[in-house]
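Here the structure comes first, spelled out in structure tokens, and everything after it is commentary.
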Amino acid sequence: MVIPVLLIVHRRPEVTAVTLQRILEEEPSRLYIAGDAPRQEVKRDAERVKQTWNVIEKVAAGRIYAQNLREDHGGKYTGIKGAIDWFFEQERQGVIIDEDILIGRGSLKLSSIMLENLKHDKSVGSICLYNEVPQSQIAAPADTYRLSQSFASGFWGTWASRWAKYIDSMDTWRENFDFGDLRGIGSRRYSKFYERRLDTLAKNGQASWEVRWLMTHWANNWLVARTNSHFAGDLGYTPEATNNTVKPRWEPGMAVDWDGRWCEASKYQIDEGADRWTENARYGLSFDKKMKRQVRKLLQRKV
């Protein structure tokens, strides 16, 4: 049986229609849809949210198991966290997909297999079907998945029992980690970077649900089972995007389809090389990238 799915939407009817149509083609066992309320300060939000739900009604009529539209705007933290809470109040395990992610054909079945096979493995906190790492940088690219200490949302899944351990407060992060812990997760630059980042987020209270979920993994000594193929094509680099309107250079292309082959992780240990590549690509922590940024700044000053 294919897994239950939570689709999280907001105000982008065009990409929601494409994403939703693909999910329906994959025939989830139950489809949940959750959406945030419009922002009062943004003029077109109310209209765009209404258009999004009109599209949902048109595309998925009679095929939605449950839906939940917030009465107030929750934003990137409360809105999304609340939607996932609602989902796992009703399901023991499931997959969460963002409105702008076009999943590969067959990948929903793959996510179901991963959740079923790994549910008793207490070292795994979640699965992720988004892969930005080139095959040449993965230790065993022929394996279906690898173990990682990094997480990416968009197309991912977990179990209600793991989600119940979600760490909500940033105030106590230093009680759960120290510099040595962070250095064990990544490189020295990575640990320094995250130490400063977590301090800043704890101070200003702006940590996203994703950062807190990653922190929950670290606190519980969990890993992420990440597919070595990319099954989460991002349609969201548009002017209406919440985060990035321009696609980063390291962002992979569109999703591939799952060919039905399953190969258990041959090396049941963290793929440190792949994680280092992710650190460097996402956060620019390598010496070479730092030098490139300095050169770019100098050139901009001269112009």
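The values are calculated or read from the model by the stated rules, or taken from the named source; none is laboratory data. Note that this is a predicted model, so its numbers are computed, not measured. Cβ placement follows ideal geometry from the backbone for every residue including glycine, while neighbour counts extend to all protein chains displayed.
Structure data summary
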quantity: Residue within the range 279-290 that is at pLDDT below 85, farther than 25 Å from TRP209 by Cα and surrounded by fewer than 11 Cβ atoms within 10 Å (Cβ to Cβ) present; calculated: yes
quantity: Residue within the range 37-51 that is touching a helix residue (DSSP H, G or I) at 6+ places or on another chain (Cβ under 6 Å) and under 18 Å from ILE101 (Cα atoms) present; calculated: no
quantity: Residue satisfying condition, being in contact (Cβ under 8 Å) with a residue 24 or more places away in the chain, assigned to a helix (DSSP H, G or I) and surrounded by fewer than 17 Cβ atoms within 10 Å (Cβ to Cβ), within set LEU20, LEU24; calculated: LEU24
quantity: Pairs with Cβ under 9 Å, 6+ apart, first in the range 80-92 and closer than 16 Å to TRP213 by Cβ, second of a type in the set (S, T, N, Q) and part of a loop (DSSP other than H, G, I, E, B); calculated: ILE80/SER153; ILE80/SER208
quantity: Counted residues, the range 189-211 - those being crowded, with 20+ Cβ neighbours inside 10 Å and at pLDDT 90 or above; calculated: 1
quantity: Among (1) in a loop (DSSP other than H, G, I, E, B); (2) buried (at least 22 other Cβ atoms within 10 Å of the Cβ), the one test that SER126 misses; calculated: (1)
quantity: Residues of the range 227-277 satisfying the condition of being among the small types (Gly, Ala, Ser), assigned to a loop (DSSP other than H, G, I, E, B), more than 16 Å from ILE127 (Cα to Cα) and at pLDDT 80 or above; calculated: GLY253, ALA255, GLY260
quantity: The range 135-176, subset among the aromatic types (Phe, Trp, Tyr) and buried (at least 19 other Cβ atoms within 10 Å of the Cβ), residue modelled with the lowest pLDDT; calculated: TRP173
quantity: Some residue of the range 111-118 being of a type in the set (Asp, Glu), farther than 10 Å from ALA225 by Cβ, free of Cβ contacts under 8 Å to residues at least 60 places away in the same chain and surrounded by fewer than 22 Cβ atoms within 10 Å (Cβ to Cβ); calculated: yes
